[in-house]
Amino acid sequence: MSKKPFYKKKWLIRHLVVLEEGFVSFIIKILVQNKELFWKREAFTPKARGEQICCFFQCAMVWCCTGGEGHQVHQKGFLVIKAEAKKAGSLLRRLHFPEDEKKLVWLPMLLDSYAIADTGVAVAIRDEGKKHNKKLACGKGCGNCCEHQKDLPLYPHELVGIYWYVSEKMTPLVRDILRFQLEKHKAGSHCPFLVDGFCSIHPVRPVGCRQFNVFSAPCAPGEDPFYTRRHDVLEPIAEYKDRAFAAVIPFYNFKNVRDLSAAIRLIRGQIMNIQTFDWKKLVGIMENYDSRTSKQV
């Protein structure tokens, strides 16, 4: 038997296509495409069969959750939602940076993870609206949570994305303002990426920021609705949270971790806080990038 972890098995890494003819045909195509792997003698061991059943179950869950919408297996072996939405209310969009994704192996994973998280948030908001007739209070230009929240979670893979976006993709004017804020930032102050009331890293903002949504009324100055009106705070869907983490597992290059849930727990254990993080290193990265680009010119 192969010693590779379950989530790195070759038969999980095969790309799947958008299927309109239904889930049965979907499974048949998996079997046909991978027949040389599925029908080897060692594939009939209980452990291998269990892994195949887990794979089919995961495919079925995604199929049901997306209403049969297109989905694919990421090149590293994790299910992600495709960007194209075919009908009104379907989900969701994925950002694309084609040239950068060719150069940075971690970037497609990060963007896939964010697309999954955004899809989960959209599904949760939709469900709350249908079940409880709740209206989302968050909107463009509302930065109360960025100013008053004390714990804004951040993970290493998200940190790398922020480093890249700020140093290479941000407009010069915003970048200059942000550089000043990062230099002056102190632990406990508001999010340093809040510029003139707007999130300057919105395309690559962490999953924690994406998932924090409030219904009924915007947060009052200084309010943490998690404690003042917990019923108005969106509860993220656990399945999408786990799937978002699963998409970036290859980034961490875990050794001897054979279980998907164990890998996700290891990632969760590396949580940091945006407010207490030392962002002066990012200032140095920005300066190094400026120095390199000026020499090229």
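The values are calculated or read from the model by the stated rules, or taken from the named source; none is laboratory data. Just so you know, these numbers come straight off a predicted model, no measurement behind them. Ideal geometry is used to build each Cβ from the backbone, glycine not excepted, and the neighbour counts take in all protein chains shown.
Within the stretch 103-157, take every residue that is more than 16 Å from the chain's Cα centre (by Cα) and hydrophobic (A, V, I, L, M, F, W, C) and give me the one that is farthest from GLY222 (Cα to Cα).
The first filter runs over the stretch 103-157 and keeps only residues more than 16 Å from the chain's Cα centre (by Cα), leaving 103-104, 125-151.
Right, trim to hydrophobic (A, V, I, L, M, F, W, C) and you get 104, 125, 136-138, 142, 145-146.
Values: LEU104: 39, ILE125: 24, LEU136: 19, ALA137: 16, CYS138: 16, CYS142: 13, CYS145: 9, CYS146: 10 Å.
Here the residue is LEU104.
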Qualifying residue in the stretch 89-109 (condition: among the polar types (S, T, N, Q) and outside the structural domain of ILE267 (by TED's automatic domain parsing)): yes
I need the full set of residues from the stretch 167-214 which are more than 23 Å from TYR155 (Cβ to Cβ) and either crowded, with 20+ Cβ neighbours inside 10 Å or among the acidic types (Asp, Glu) (or both), in order please. ASP176, GLU183, ASP196
Quick check on this structure: which one of GLY188, GLY222 is in the same structural domain as CYS138 (by TED's automatic domain parsing), at positive phi and in contact with a helix residue (DSSP H, G or I) (Cβ under 9 Å, 6 or more places away or on another chain)? GLY222
Within the stretch 149-166, is there a residue that is in contact (Cβ under 8 Å) with a residue 60 or more places away in the chain, farther than 17 Å from TYR240 by Cβ, in the same structural domain as GLU235 (by TED's automatic domain parsing) and of a type in the set (Asp, Glu)? yes
Could you list, in sequence order, the residues of the stretch 167-190 that are within 17 Å of LYS280 (Cβ to Cβ) and either without any contact (Cβ under 8 Å) to a residue 40 or more places away in the chain or of a type in the set (A, V, I, L, M) (or both)? ASP176, ILE177, LEU178, PHE180, GLN181, LEU182, LYS184, LYS186, ALA187
Can you name the helices (runs of 4 or more DSSP H) wholly within the stretch 171-237 that have at least 1 residues being over 30 Å from LYS130 (Cα atoms), of a type in the set (S, T, N, Q) and at pLDDT 90 or above? 172-184
